[in-house]
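Working notes for the structure below.
The values are calculated or read from the model by the stated rules, or taken from the named source; none is laboratory data. Because the structure is a prediction, the values reported are computed rather than measured. Here the Cβ is made from the backbone with ideal geometry for all residues, glycine too, and neighbour counts use every protein chain on show.
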Amino acid sequence: MGEVFLNWIDPDDGLRWIDIGCGTGAFTELIKQCVPKRITAVDSSREQLAFARHRLDCESVHFCQGDAQSLPFADHSFDIAVLALVVRLYPSPL
């Protein structure tokens, strides 16, 4: 399913991605195939981040614990923001 989404957005190489609600890192792993300049993977769960770090075992992904509704990044820090499966978890996603 993630591949279909990535094919749909058809991203250029070298973009700065943020994967909000990265969980176990499954979608983050797919993003790596897009040849990103940088990936920041954010999740509120320390345990999920630990699993994702172990799963991906790479230096090209920066993992950050945080709340999707209050991200600690400056405007224009990313070219693409994705929330693969977490929008349904927030009371007011818009």
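The table for this structure:
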quantity	calculated
Search result, residues across the stretch 5-24 that are within 13 Å of the chain's Cα centre (by Cα), within 24 Å of D75 (Cα to Cα) and not aliphatic (A, V, I, L, M)	R16, W17, D19, G21, C22, G23
Selection from the stretch 32-48 of residues that are at pLDDT 95 or above and of a type in the set (A, V, I, L, M, F, W, C)	I39, A41, V42
Among (1) out of contact with any Pro (no Cβ under 8 Å at 6 or more places or on another chain); (2) in contact (Cβ under 8 Å) with a residue 60 or more places away in the chain, the one test that F51 misses	(2)
The lone exception for G14 - which of (1) buried (at least 21 other Cβ atoms within 10 Å of the Cβ); (2) more than 14 Å from A84 (Cα to Cα); (3) small (G, A, S) it fails	(1)
Residue satisfying all of: in the stretch 42-57; among the small types (G, A, S) and over 18 Å from S70 (Cα atoms); surrounded by the fewest Cβ atoms within 10 Å (Cβ to Cβ) among these	A50
Among (1) surrounded by fewer than 17 Cβ atoms within 10 Å (Cβ to Cβ); (2) in contact with a Lys or Arg (Cβ under 8 Å, 6 or more places away or on another chain) - the single one I39 does not satisfy	(1)
Output for the stretch 32-60, where each listed residue is in contact with a Phe, Trp or Tyr (Cβ under 6 Å, 6 or more places away or on another chain) and more than 12 Å from L83 (Cα to Cα)	P36, I39, L49, R53
Filter result (part of a loop (DSSP other than H, G, I, E, B) and either surrounded by fewer than 17 Cβ atoms within 10 Å (Cβ to Cβ) or charged (D, E, K, R) (or both)) within the stretch 17-36	V35
Some residue of the stretch 59-67 being surrounded by 14 or more Cβ atoms within 10 Å (Cβ to Cβ), touching a residue at least 40 places away in the same chain (Cβ under 8 Å) and part of a helix (DSSP H, G or I)	no
Long-range neighbours under 8 Å by Cβ, at least six apart or interchain, first residue among the aromatic types (F, W, Y) within the stretch 19-41, second surrounded by 17 or more Cβ atoms within 10 Å (Cβ to Cβ)	F27/D19; F27/V82; F27/A84
